[in-house]
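Here is the structure we will look at, set down as structure tokens.
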């Protein structure tokens, strides 16, 4: 390895980087050939990458070199064609990891910078292999960095040049996996906690059209991820559903009619209103939920895996009650308008909770829901959802038909105690946790939900089985 | 029940909210309903509301999905059934409107299994046989595997319905569905074992339908068309070809049957193959089919048992279908107005009559053959029935008889004659063995072919062709009775009078052929009295140029005569001439007949010049001639000249009694007058003023009359000859008839 460094040193930055990429390629091929499991790029090589590609200052007393903008562009082009031409997925993937996996060191900044430029370029020129690698990267990397990458794309495509959104639009067909991860990251980027954190309308419009065209898009990562649950706990959610639900519920309170729509960049179709877009998005989200029972059943996960986390829902309801309070305080004149917006937000919350629960995307009892919604103002539908449907069977003594077998594997998500929004990324390599989504053992269920017994009486026993029947369609 | 009511209230609340939102924010409305459905999955109204939103927005796929859900989850909801029946009605209808198309599209989105179930259930709920059948047909067409289970049953149901509802014609809605829609599905389904007898029964049902369909009349028994139908009577000579045709109970689209003969042939092919008929190839055409059964027929005597009966069946079915088809093709050319949808461009109607083009030809030649024929015919008539084929032979009129046609007037003449021959051949084949005849008669009885006017027309023409004129006459008499104007219908069109004439002319022709001239003349004078003479004489008849004269004719040919005013009158005149010719010119004296002949010979002059000369010869031989109508009807200048000449010494001083005051002329012959008259006649009309110089002398009273009459006649030369002859027929009808024995 030392020889390589010696041979690289005399070269100019670009040819050294190029030579190193070439070497890396050969090295990884040999690595795979050797059959060592798991194939792991050694630290020496990683150091070379940091030195000759990311130019991080090292302890070896050599002066840190920098690339000119033109050289950097040339390097990006070389990388692009390098990934494009590599026909083996594993080689490509290992190479991408060797280059861009965060190491928790000083090189990470330039790593992120180059990655942003590379992905942006890949979007511009439609380099599918790079987008695919980036999609995997987005699954493994801490969400904070994922959001940063999303930010780069949004900045590049949704701000500067009018009409450039259409370029980004294409990632839907180029790499649905990347697209799905991108949506998840964007929903994190804009959490609608304030007006500044609302997505640009054209971005919103694009996302809505993606999901309307193909609701399964938001489930792509979930569908393609093996169950082993090797996702790092700090990575992005496996679906953007949680983020989208948050958007739709908060939107009526964040986007106010009396205020100017944010970030329209003066593009011609700024006339587009956010309201209908969120309404359509909300419907799409519910429709995606309705797809889930079949999918979960096929995967054998129905009732065992929660796609929406109770914590984030709890955070959402508390955000919501804060926003509702603010809305009450700040509006004096248009109180009727405020009331409408508030009720819309609460209606959507109730709908999302109910449909998510019924479809198996959310595993919890109505009692849990009552707990997290206790501080919210009154809403008819929410009330109905929180108390659950009225059971109307004449013979109250007949044991419920379909509920009990499901109750056997009812849930149960023990939620990890980690804080969901770390303010700083840890600098050490991120550990991989077994499933942020907890697969529960059967035994624990009844103990944890003493309320389940009373639920049995209260709930329509046919509800779950009928939903399954109702969506049978999708499997035909 | 309290909880039941509150659940009810919840559902009502949810649906109400969705309804409030649907126009302003349909997405929100749907979100409400999705939520509602997860809360109360067994509530019908929620799902129905979801369906209604999608249906009203005409979103085919999602509406279809929701309909499916409702069908599965709420199979007992009347509303669902109402919806399904609307959809199945759209499937059955021809309507092209947007909503019907949407509903059909909606149905298409459903999985096949559900379509199948839906149709089956919809069928079960349907009490109208026809609708039920149409529904089941939708099922069978979409799901061939269901044919095995339902095909034959559906067929039998339709046939039963046809029987119980007393359909008057085989062209009815039940039979149409059976033959055109169900039968092909059934017989083409090789998974089914069908007994031969059943297939033969079905085959006959199909044939009866298609024949009935093709030969349906332009109106009347079958319900047709719009209210403007009466308009056709205003232009009777051009029968209106109606493209619109609706079988009672069916829509216009379902009523349409395309290429009926081809469809029938398809069915025969399949049935033939399944019944293991002889001749392994598929039937390519009706002509091939006839050829095959003809060949097969030769082996028939050697066959026994099952093979024989199967063989019989094949021969009879095939030959009968070829017979009916060819007969139809012939009759549709000869009598196009009988049928709906047959183009009337081919003009017509046409009448098959004895060919009289040789009426002016040499007498001697004919005399022998005619007399001979007459005798034999009498003989033949005596033992008519049993020896029909001998009959033909004895008449020498077997297969070699020719039918002459004016090719320019009948463009499709060769096909028409070909059809006639093919039909005859098929008929002969069907009567070549007792076994075949018995089977064929069964079919005829079942189909009541006796009541098929068009077929009777063919049969009559065939019998005429065979020379069985007595039989033909009785058939014609019956037909005339059928076709005579009904009371209350007497003002009917010229068309129907032409039809009536057609039968009369044919009768006249038959009587003539039988040698019964008196009756022949009776009939044709009836015809003539109904005609109006043409305004102008036809340009020199173009008949001859078109007529096929290739083979030597033997005086007993037939001709297809165009049945129009213009063509019929000349024919009647020829026929009358033919009736009188022999009698007038034979050895015994009959001045009246001879006079008629002279009058009639004016027509088509100078074709009859030779006969006229014969007549003159005979008059010369007799030395005198009495015909009081002479000056009424003879205007031909050549003839007048000749008669004027006859009175001259050079002419033989023949005593001519041509004026009504006949006696005077006989008693006061004045040979001198002849010269003068002769001169007068030769000079023509321009010398009219000379009559002063030629009229002198006391004994010249009679001569004067004759001369004046002659002069008058000369001035009449320009008169329309056909009007003159028409008047002759009308005025002298009684004398004409009386002058024949």
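The values are calculated or read from the model by the stated rules, or taken from the named source; none is laboratory data. Just so you know, these numbers come straight off a predicted model, no measurement behind them. Glycine also receives a Cβ, built like all others from the backbone with ideal geometry; neighbour counts cover every protein chain displayed.
Go over the candidates A:351, A:343 one by one and state the one that is within 14 Å of chain B (Cβ to nearest Cβ) and free of Cβ contacts under 8 Å to residues at least 60 places away in the same chain.
Numbers: A:351 fails: free of Cβ contacts under 8 Å to residues at least 60 places away in the same chain.
None of the other options fit; the residue is A:343.
Can you say whether residue A:313 is assigned to a helix (DSSP H, G or I) and away from every other protein chain (no Cβ under 14 Å), as far as the supplied structure shows? Walk me through how you get there before you give the answer.
On the way: assigned to a helix (DSSP H, G or I): yes; away from every other protein chain (no Cβ under 14 Å): yes.
Taking the combined requirement at face value, the residue satisfies it.
Is it true that residue A:338 is touching a helix residue (DSSP H, G or I) at 6+ places or on another chain (Cβ under 6 Å), without any contact (Cβ under 8 Å) to a residue 24 or more places away in the chain, in a helix (DSSP H, G or I) and more than 19 Å from residue B:41 (Cα to Cα)?
Numbers: touching a helix residue (DSSP H, G or I) at 6+ places or on another chain (Cβ under 6 Å): yes; without any contact (Cβ under 8 Å) to a residue 24 or more places away in the chain: yes; in a helix (DSSP H, G or I): yes; more than 19 Å from residue B:41 (Cα to Cα): yes.
Answer is yes for this residue.
Within 12 Å of another protein chain (Cβ to nearest Cβ) and free of Cβ contacts under 8 Å to residues at least 12 places away in the same chain, is that true of residue B:6? Show your work before the answer.
Working: within 12 Å of another protein chain (Cβ to nearest Cβ): yes; free of Cβ contacts under 8 Å to residues at least 12 places away in the same chain: yes.
Yes, satisfied.
Mind listing whichever residues of segment A:358-376 are part of a loop (DSSP other than H, G, I, E, B) and closer than 16 Å to residue A:346 by Cβ?
First pass over segment A:358-376, keeping only residues part of a loop (DSSP other than H, G, I, E, B): A:360-365, A:373-376.
Within segment A:358-376, A:373, A:374, A:375, A:376 qualify.
Any residue that is loosely packed, with under 15 Cβ neighbours inside 10 Å, out of contact with any strand residue (DSSP E or B) (no Cβ under 6 Å at 6 or more places or on another chain) and at pLDDT below 85 - is there at least one of those in segment B:262-274?
Taking segment B:262-274 first, the residues loosely packed, with under 15 Cβ neighbours inside 10 Å are B:262.
With the extra rule that they be out of contact with any strand residue (DSSP E or B) (no Cβ under 6 Å at 6 or more places or on another chain), the set shrinks to B:262.
Within this subset, residues satisfying the condition of being at pLDDT below 85 are none.
No - not one qualifying residue is present in segment B:262-274.
I'd like to check something: does segment A:222-238 contain any residue that is surrounded by 20 or more Cβ atoms within 10 Å (Cβ to Cβ), farther than 25 Å from residue A:318 by Cα and modelled with pLDDT under 90?
First, the residues of segment A:222-238 that are surrounded by 20 or more Cβ atoms within 10 Å (Cβ to Cβ): A:222, A:231, A:234-238.
Keeping just the survivors that are farther than 25 Å from residue A:318 by Cα gives A:222, A:231.
Still in the running and modelled with pLDDT under 90: A:222, A:231.
Yes: one or more hits.
Given the options B:434, B:450, name the one that is out of contact with any strand residue (DSSP E or B) (no Cβ under 8 Å at 6 or more places or on another chain), over 28 Å from residue B:215 (Cα atoms) and at pLDDT 80 or above.
Working: B:450 fails: over 28 Å from residue B:215 (Cα atoms).
Within the list B:434, B:450, the selection yields B:434.
Can you pull out the residues in segment B:558-585 that are without any contact (Cβ under 8 Å) to a residue 40 or more places away in the chain and more than 34 Å from the chain's Cα centre (by Cα)?
B:584
Could you list, in sequence order, all residues of segment B:139-156 that are part of a helix (DSSP H, G or I), surrounded by fewer than 19 Cβ atoms within 10 Å (Cβ to Cβ) and under 40 Å from the mean Cα position of the chain (by Cα)?
Result: B:141, B:142, B:152, B:153, B:156.
Is it the case that some residue within segment A:291-307 is surrounded by fewer than 21 Cβ atoms within 10 Å (Cβ to Cβ), within 14 Å of chain B (Cβ to nearest Cβ), closer than 30 Å to residue A:225 by Cα and at pLDDT 90 or above?
yes
Can you pull out the helices (runs of 4 or more DSSP H) entirely within segment A:55-166 that have at least 2 residues that are more than 22 Å from the chain's Cα centre (by Cα)? It would help to see each step written out before you state the result.
Values: elements: A:69-85, A:89-100, A:107-125, A:128-140, A:143-158.
Per the criteria, A:69-85, A:89-100, A:107-125.
Go through (1) away from chain A (no Cβ under 14 Å); (2) loosely packed, with under 15 Cβ neighbours inside 10 Å; (3) at pLDDT 85 or above one by one and return the number of the condition residue B:57 breaks.
(1)
May I ask you to say which residue of B:70, B:50 is within 11 Å of chain A (Cβ to nearest Cβ) and modelled with pLDDT of 90 or more? It would help to see each step written out before you state the result.
On the way: B:70 fails: modelled with pLDDT of 90 or more.
On inspection, the qualifying residue turns out to be B:50.
Would it be correct to say that residue B:668 is in contact with a helix residue (DSSP H, G or I) (Cβ under 6 Å, 6 or more places away or on another chain) and at pLDDT below 85?
Yes: the conditions hold for residue B:668.
Just one of (1) outside any helix (DSSP H, G or I); (2) out of contact with any helix residue (DSSP H, G or I) (no Cβ under 7 Å at 6 or more places or on another chain) trips up residue A:302, so point out which.
(2)
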